Amino acid sequence: MPAHPELDPATVAGTVLERNTLMLQRLTKAKALHDRGESAYANDFAPTHTAVQALQWFQAEPTHLAPFVALEVGKPLDPERLPPTGAPIVQTARVKMAGRAMAINVKGKVAFVRVQDRTAAQVPALRKAENLLRVACGLPEREADTPTFQFYFSRDDDPETFDRLFKPSPDAAWEGPLCDVGDIIGGEGLWFRTRTGEQSLWLKPFDGRPALRVLTKSVRPLPDKFHGLADKETRLRQRYVDLVMNPEVREIFRKRSQVLAGVRRFLDERGYIEVETPMMHALLGGAAARPFRTHHNALDMPLYLRIAPELHLKRLVVGGIERVYEINRNFRNEGLSQRHNPEFTMLEFYRAYATFFDLMDEVETLIAQLAQEVCGTTEVVWGSDKQGAPRQISLAAPFARVRIKDGLVQWGGIAADQVGDEGVLRRRAAELGVHIDAHAPLGKVQVELFEAVAERHLIQPTFVWEYPAETSPLARRNDADPSVVDRFELFVGGIEISNAFSELNDPQDQYLRFEHQLSQRAKGDEETMDLDEDYVRALEYGMPPAAGCGIGIDRLVMLLTGAEAIREVILFPHMRPEATTPEVAASDS
RNA sequence: GCCCCUUUAGCUCAGCUGGUAGAGCAGCGGACUCUUAAUCCGUAGGUCGAGUGUUCGAGCCACUCAGGGGGCACCA
């Protein structure tokens, strides 16, 4: 066996890898395992069952609900080893289970180890389900919150392994307790239920194999098992620790995965094709936002990380992909908040021969269906009202539909015949302390005032529509009123989830609107689009009438998981770089 | 970019009006053959985010910087 590799403490001093006393102890234990010829990083153990599978087995048979003693299938009863409890004996099969040791409780010559595996997040629900059964059978309810499964290890069954892993022995260096909380362990044995009723794996040495093995030595101690990981910074910077300590966080990301799968299934079934368009753009377009800039060395040209995929997707509609979608990241160089991350995941889909009204129907169907799939209901709880009471949101279709102008009247205190009077709107904004840029055109004034007065009322899902043309350079004008465009935004819980419109496919109008953007930029607007001549050329070939929609996936996942901050639904949210030493921090400035 | 709060042992947190560092858990040693935040006894563990200043004396006061949180601005 090759020598156990060891880092020179001097090379890691002053870095995050610097060793404290606890880590040095564990590193010594890892070396002790190695010196015994057992790898501290073994990969030759294949578990046969998960915690959830184990609990399902216990639940399946009424005789497994009360304490019982295990006897291996096919083995004769050993009268010498009968349990003193008088508990019934059940024949069970050999099982191998593995996971992370989350608590070790050595009590004399028995040890209990709580193990957490990949199914941890589903374990409490299963325990609760069992409690219903127990009540029906007249048995007492059991604690259901723990996400772990228990290993039971009696010294009598394998004294050598027991002592090595759990018993101190001052004679030899680290022949003592080699197993720590945090280690990845694998155990083999029989399922049984302890005298106190806990579902457990009774560890046994089969065919000369040790009953329990340390598969991966954890040399860095986990947070306090009772208080857990409370520090928000560590939770987000070291998401791996967060996921270990908080299985419910894993559940959020399992649901996120379900949302993405559900969206794809929904669109695929309707004949949409998923595509991937460039993330690096030479021109800025598709949304109004400040970009991240980068540089291509070989071509010596500036590039932007995309702020939206819209213009590329509509080129594909021109090319005949009449139903098309993309789920991917957008990048916007803006502040961080509870609702904003610089990179976020956006679904955009485009459908030829459809209007924005058709997309309202499609979006409400999609969201209601996702809620049903992911939450099992369309009635979700998200955020809280002013009194702090949880807010009920119904995602059942159909959703409410409100015009911008109606909102100004209903919530803004504007008379119905004055919603087009810029002076009135600006005075009202000033009264409310809402800042609106002095150069903003009427349409922008209407939208800004609307958002200031109405958004907080849009708790239940609401499509807001009849947006003014000035703020929507890519949307189709309304046939009856050319001052507005056929566009909606969907608000839920007071935040914007979706933005959609009937697409502008008149190349002349599109060119003029791009030119208008350039004139706005000349006036100092920092969030204008570039004039994309190739996109206008594409429209000149003819884009079928179409409507397109964008949905913020992160925010949708927030709604469906109850998360109130976008960081909770992004595995690695953007943070400042970690300053490990004062020197590093100083050299950055 | 602005304002407020925050940073103490591996983790969670105390620390009074400025007087020289505390607890629980984890660790290490001991007892314990059905525990589940096990219990009991013993023991060890600290550059109080970094720096400067005030002071006889700073975890505590002042200033600067950094990280984190919240809010504002920005984000159609």
Accessible area (Å², 1.4 Å probe, nearest 10) - residue A:558: 0
By the Cα gyration tensor axes a ≥ b ≥ c (a/c under 1.5 gives rounded; else a/b larger than b/c gives prolate, otherwise oblate), the shape of segment A:372-412 is oblate
Report the label-to-label distance for residue A:112 and residue A:275 in nanometres (one decimal), using points 7 Å from each Cα along the Cα→Cβ vector. 6.0
How much accessible surface area, in Å² rounded to 10, belongs to the heavy atoms of residue A:107 with a 1.4 Å probe? 140
Percent of alpha-carbon pairs separated by more than 21 Å within segment A:290-375: 51
List the relative contact order of segment A:221-324 as a percent without decimals, with contacts defined as Cα pairs under 8 Å and 6+ residues apart. 19
Quick check for me: using +1 on Lys/Arg Cβ and -1 on Asp/Glu Cβ, what's the dipole size of segment A:416-526 about its Cα centre, in debye to the nearest 20? 220
Please work out the average accessible area per residue across chain A, using the 1.4 Å probe convention, and give it in Å². 49
Summed over the other residues with a beta carbon less than 13 angstrom from that of residue A:422, with K and R at +1 and D and E at -1, the charge totals 0
Which FRET efficiency, nearest 0.05, do residue A:523 and residue A:17 yield, Cβ-Cβ r, R0 60 Å? 0.70
Net charge dipole size for segment A:126-271 [Lys, Arg +1 and Asp, Glu -1 on Cβ; Debye, nearest 20]: 820
C-alpha center-to-center spacing [segment A:363-383, segment A:103-125] in angstrom: 34
Lys, Arg +1 and Asp, Glu -1 on Cβ, resulting dipole of segment A:40-159 about Cα centre, debye, nearest 20: 240
Mind ranking A:386, A:225, A:128 by accessible surface for me, highest first, 1.4 Å probe? A:386, A:225, A:128
Rounded to the nearest 10 Å², the 1.4 Å probe accessible area of residue A:4 is 40
Which value does Rg/Rh take for chain A over its C-alpha atoms, Rh per Kirkwood? 1.08
Give me the mean projected area, in nm² to one decimal, of the convex hull enclosing the Cα positions of segment A:1-112. 11.6
Which of A:538, A:495, A:480, positive extreme of dipole for segment A:479-544 (C-beta unit charges): A:495
Once a ≥ b ≥ c are taken as the square roots of the eigenvalues of the Cα gyration tensor of segment A:377-476, is the result rounded (a/c under 1.5), prolate (a/b larger than b/c) or oblate (a/b not larger than b/c)? prolate
Any idea how far apart residue A:574 and residue A:87 come out in nm if each label point goes 7 Å out from Cα toward Cβ? 5.5
Segment A:204-244: Rg/Rh from Cα coordinates, Kirkwood Rh? 1.23
In percent, how large is the relative contact order of chain A, given Cα pairs closer than 8 Å and 6 or more residues apart? 11
Length-normalised contact order for segment A:295-378 - Cα pairs under 8 Å, 6+ apart - percent: 22
Could you name the lysines whose alpha carbon sits less than 19 Å from that of residue A:204, not counting residues in the same chain fewer than 8 places away? A:75, A:96, A:107, A:109, A:167
Using just the helices of chain A, give the 222 nm mean residue ellipticity in deg cm²/dmol: DSSP H runs with n ≥ 4 each add -39,500 (n - 2.57), and the total is spread over all residues, rounded to 500. -10000 deg cm²/dmol
Report the extension gain between residue A:156 and residue A:141 in nm, rounded to one decimal, defined as 0.36 nm multiplied by the number of residues separating them, less their alpha carbon distance. 2.3 nm
Full-stretch length increase - residue A:400, residue A:220 - with 0.36 nm per residue and alpha-carbon distance subtracted: 59.6 nm
Of A:341, A:98, A:211, whose Cα points farthest to the positive end of the dipole of chain A (charges on the beta-carbon: +1 Lys, Arg; -1 Asp, Glu; origin at the Cα centre)? A:211
To the nearest 0.05, the calculated FRET efficiency linking residue A:333 and residue A:297 through their beta-carbon distance, R0 being 25 Å, is 0.70
Any idea how far apart residue A:379 and residue A:424 come out in nm if each label point goes 7 Å out from Cα toward Cβ? 4.1
Give the carbon-plus-sulfur fraction of the accessible surface of segment A:181-328 in %, rounded to a whole number; probe 1.4 Å, heavy atoms of protein chains only. 54
Leaving ligands, DNA and RNA out of it, rank A:375, A:179, A:137 by accessible area with a 1.4 Å probe, largest first. A:137, A:375, A:179
FRET efficiency, residue A:508 to residue A:387 (Cβ-Cβ, R0 41 Å, nearest 0.05): 0.15
Going from most exposed to least, what order do A:467, A:304, A:353, A:541 have by accessible area with a 1.4 Å probe? A:541, A:353, A:304, A:467
Rounded, prolate or oblate for segment A:95-211? Axes are the square roots of the Cα gyration tensor eigenvalues, ordered a ≥ b ≥ c, and the cut-off for rounded is a/c under 1.5. prolate
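The values are calculated or read from the model by the stated rules, or taken from the named source; none is laboratory data. Quick caveat: nothing in here was measured; it's all calculated off a predicted structure. Note: ideal-geometry Cβ built from the backbone for every residue, glycine included; neighbour counts use all protein chains shown. When the accessible area is computed, the model is the full protein with side chains, heavy atoms only, and any ligands, DNA or RNA have been set aside. Shrake-Rupley method; radii C 1.70, N 1.55, O 1.52, S 1.80 Å.
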